[in-house]
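Just below is one structure, and these are the notes that go with it.
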Ligand code: CTP
Ligand code: CA
């Protein structure tokens, strides 16, 4: 039994995975969020443990749960919380995979009390959140850094720009265009683009199978 476990390709590797949406508070009862289910990140975490890795799974609000002795599940709420948790662990990991759908903006002020309605129009002033993935790229030593990209136009070009801008080794481009891919669905159509700009389109498949493909890329990196 011990022998079999020692032969797993990611034995001894530690992988940080981000998952899910983030919630940015408006007042004590309201937030700005998105439809991310967290499933892609959870599937990546589980697949990584099947290959022997230890995983730190940092997730925004989700109904998903996982009981796995190789997964340290850390639940956070906001982009700032996720940023703090990622930087707490980044130094000790070999690989980081950013599958979270982090909010790009948050309210500048959080009201202390529930905001009451009145007859006037209402606007919320927003400021940019920190780009977690880019910040990991900035302090990268030898971590293998994987990001996602969601684009609706000039997909490949925009994804290549993200590789450069965030100092990534690999990007997983998610296509929303194709039928049957995206939020709330069990399937994804992805294209891998590496830092040398090699483009590899994959078939439409289940998120579990996309997770297998992503972890295969990590294994390939260590076997190259
Ligand atoms: N990401 C992050 N922190 C943010 C925003 C994004 O870590 N504040 C990460 C996501 O987890 C993903 C990657 O950056 O791995 C790309 O996210 P995406 O929304 O496609 O790109 P952005 O850089 O936010 O640019 P835009 O939304 O304008 O396309
Ligand atoms: Ca974004």
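Every number here is computed from the coordinates shown, using simple stated rules; none is lab data. Just so we're clear, the structure is a prediction, and the values are computed from it rather than from any experiment. Don't worry about glycine lacking a Cβ; one is built from the backbone with ideal geometry, like all the others, and counts go over all protein chains shown.
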Selection count, the stretch 76-99, where residues are farther than 18 Å from residue 140 by Cβ and within 16 Å of ligand 2 (Cβ to nearest atom): 3
Pairs with Cβ under 8 Å, 6+ apart, first in the stretch 119-145 and more than 25 Å from residue 23 (Cα to Cα) and touching a residue at least 12 places away in the same chain (Cβ under 8 Å), second part of a helix (DSSP H, G or I) and within 14 Å of ligand 1 (Cβ to nearest atom): 139/87; 139/90; 143/90; 143/136
Residue within the stretch 80-97 that is touching a residue at least 40 places away in the same chain (Cβ under 8 Å), more than 14 Å from ligand 1 (Cβ to nearest atom), in a loop (DSSP other than H, G, I, E, B) and loosely packed, with under 14 Cβ neighbours inside 10 Å present: no
Top-ranked residue of the stretch 99-108 - restricted to ones that are closer than 10 Å to residue 79 by Cβ and exposed (fewer than 15 other Cβ atoms within 10 Å of the Cβ), ranked as nearest to ligand 1 (Cβ to nearest atom): 104
Any hit, the stretch 109-132, residues being in a helix (DSSP H, G or I) and either crowded, with 19+ Cβ neighbours inside 10 Å or in contact with a helix residue (DSSP H, G or I) (Cβ under 8 Å, 6 or more places away or on another chain) (or both): yes
Filter result (within 12 Å of ligand 1 (Cβ to nearest atom) and part of a loop (DSSP other than H, G, I, E, B)) within the stretch 133-166: 152, 153, 154
From 94, 169, 104, 194, residue being touching a helix residue (DSSP H, G or I) at 6+ places or on another chain (Cβ under 9 Å) and farther than 27 Å from residue 53 by Cβ: 104
Residue satisfying condition, being assigned to a strand (DSSP E or B), under 17 Å from the mean Cα position of the chain (by Cα) and touching a residue at least 12 places away in the same chain (Cβ under 8 Å), within set 18, 62: 18
